[in-house]
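Right, one structure below, let's go through it.
The values are calculated or read from the model by the stated rules, or taken from the named source; none is laboratory data. Note that the structure is predicted; figures quoted are calculated from it, not measured. When we count neighbours, we look across all protein chains shown, and the Cβ atoms used for this are built from the backbone with ideal geometry, even at glycine. Heads up: the accessible areas ignore ligands, DNA and RNA and are worked out on the full protein's heavy atoms, side chains in. Shrake-Rupley method; radii C 1.70, N 1.55, O 1.52, S 1.80 Å.
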Amino acid sequence: MYSTPFIFNEEGQAEHLERISFERGFTESWLQQRLFENPQSLPFGEIDPAYQTICPLCMEMNTGAGPIDIVYVTPQGRLVIVETKLWRNPEARRKVIGQILDYAKELAQWSFADLQREVSRRTGIKGNAPYKLVTERFPDVDEAHFVDGVSHSLSRGDFMLIITGDGIKRDANAIVQFLQEAGNLRFVLAMVETAVYKHHHKDLYLIQPRTLLQTQVIERPLDYTERPIVDDNVEKGIEPWRQQYFDFWTRFLDSLVLDEPEQPMPKPVSIGNIAFSLPPSGSIAWITTYFDKSVKSVGCFVRFANTSQGRDLYEALLDEKVDIEKELPFAVVWDDNKRTIHRAQTIEGNWPPTQNDTTALFFQETVNGLVNTYRPRLERLLGN
């Protein structure tokens with residue numbers, strides 16, 4: 001059961017919020033819009049740390065199985081499909097399982113060009129729309145690596161699938177049927193109840209997520225009684241450059257010791273950057289560590305999303321800039337346009353420098369220093 005949330009007014013008095021439902025004007029489209037605009041409302045990183053940082057792509061994306069309510073993507077190219085439902089009757093509960101499965105099966109037959117075309121149609125952005133949207137939040141993402149990551153996700157059906165809404169109940173039979181029909185997909189499935197509360201007198205809403213069910217990664221071989229998916233680009237083995245990065249991040253994270261014991265750790269990935277979540281969530285504030293082949297350097301930066309909360313947090317830290325720079329054990333560059341605090345270092349020799357001890361030492365020192373300096377300040381600003 002949910003506990004009733006409350007806020008404190010200017011006099012320090014607690015004001016309880018009232019839970020609302022679709023009968024009182026709370027609609028699926030309203031919830032869909034709020035979740036799209038505020039991806040931090042859903043616990044992606046808690047469900048799977050590989051999805052700690054998320055970028056919204058579009059709503060109502062057309063597929064052969066119908067329009068997908070919300071599509072998100074990680075900077076590494078992993079896709080998230082979200083279906084929002086208000087669970088008004090048992091029939092809706094049964095249908096949504098098959099519905100989100102159909103969307104996933106459809107996407108598993110797409111190429112990156114298919115995704116680019118449909119995102120462009122929904123957003124009006126020309127060219128590589130998915131990449132342009134991602135770089136608005138994560139400007140250091142390499143385009144070739146991002147496209148390759150998305151293509152990899154599509155070819156394997158490697159998605160996160162989330163069913164969310166108010167009043168969700170578990171339906172064991174439907175879940176079992178879903179898993180049996182999953183075919184060749186490789187996915188993480190979660191059901192998240194999103195209770196919505198409203199202030200009695202102000203136009204203030206609170207979305208409170210609660211994960212009711214989540215699976216580990218489920219991977220099943222193709223059932224050849226079904227139509228096989230034919231794709232000449234299906235992975236026949238991990239590319240060498242991917243393996244280099246994956247091996248490096250695995251070694252680095254295994255040996256990484258931070259002073260802050262509560263800092264969440266990412267999983268190793270087969271791409272040239274990883275992200276560490278900062279409060280209040282990995283969608284608002286994060287630390288990115290990266291390799292930049294174009295200038296032969298490695299770097300780390302703290303970044304804040306282009307949202308009202310992200311901008312407010314960055315501005316609050318700017319007020320403490322002098323104290324922060326005294327505390328940090330190294331020099332950083334502040335970029336007010338991108339809302340980043342950045343440190344980089346040129347690395348000589350072969351690229352990528354994944355076998356260079358200097359690289360790991362640089363990341364170790366920088367991540368630890370940034371976490372020590374910024375995490376407690378953000379927690380204080382947020383009242384945690």
Pull up all non-local amide H partners of Trp286: gap of 5 or more, or a different chain, and H-to-H distance under 5 Å with H placed in the peptide plane. Leu278, Arg303
Mind putting a number on the dipole of the range 286-384 about its Cα centre? Charges go on the C-beta only, +1 for Lys and Arg and -1 for Asp and Glu, and I need it in Debye to the nearest 20. 240 debye
To the nearest Å, what is the center-to-center distance of the range 127-168 and the range 326-384, using C-alpha atoms only? 25 Å
Estimate the FRET efficiency between Glu106 and Phe246 by the formula 1/(1 + (r/R0)^6), using the beta-carbon distance for r and 30 Å for R0, to the nearest 0.05. 0.55
Lys/Arg +1, Asp/Glu -1 at C-beta; the range 338-384 dipole; positive extreme among Pro353, Thr340, Phe363: Thr340
Just grab the label-to-label distance for Val322 and Lys296, each label 7 Å out from Cα along the Cβ direction, in nm (one decimal). 4.0 nm
Magnitude of the charge dipole, the range 313-371, Cβ model with Lys/Arg +1 and Asp/Glu -1, debye to 20: 180 debye
Answer in debye to the nearest 20: the dipole magnitude of the range 249-296 about its Cα centre, from +1 Lys/Arg and -1 Asp/Glu charges placed on Cβ, is 320 debye
Residue separation between Trp351 and Met265 times 0.36 nm, minus their alpha-carbon distance, gives in nm 28.4 nm
Hey, any idea what % of the range 259-384's accessible area is carbon plus sulfur with a 1.4 Å probe? 45 percent
Taking +1 at the Cβ of each Lys and Arg and -1 at the Cβ of each Asp and Glu, which of Leu258, Ala275, Phe304 sits farthest along the dipole of the range 235-343 towards its positive end, judged by Cα position relative to the Cα centre? Ala275
Solvent-accessible surface ranking, highest first, for Val134, Val295, Val332 at 1.4 angstrom: Val295, Val332, Val134
Over the range 310-378, give the accessible area per residue in Å² for a 1.4 Å probe, as an integer. 51 Å²
Flagged links, alpha-carbon separation over 24 Å, of Lys267/Lys293; Lys126/Lys338; Lys296/Lys338; Lys267/Lys321: Lys267/Lys321
Surface accessible to a 1.4 Å probe, Arg122 within the full protein complex, Å²: 120 Å²
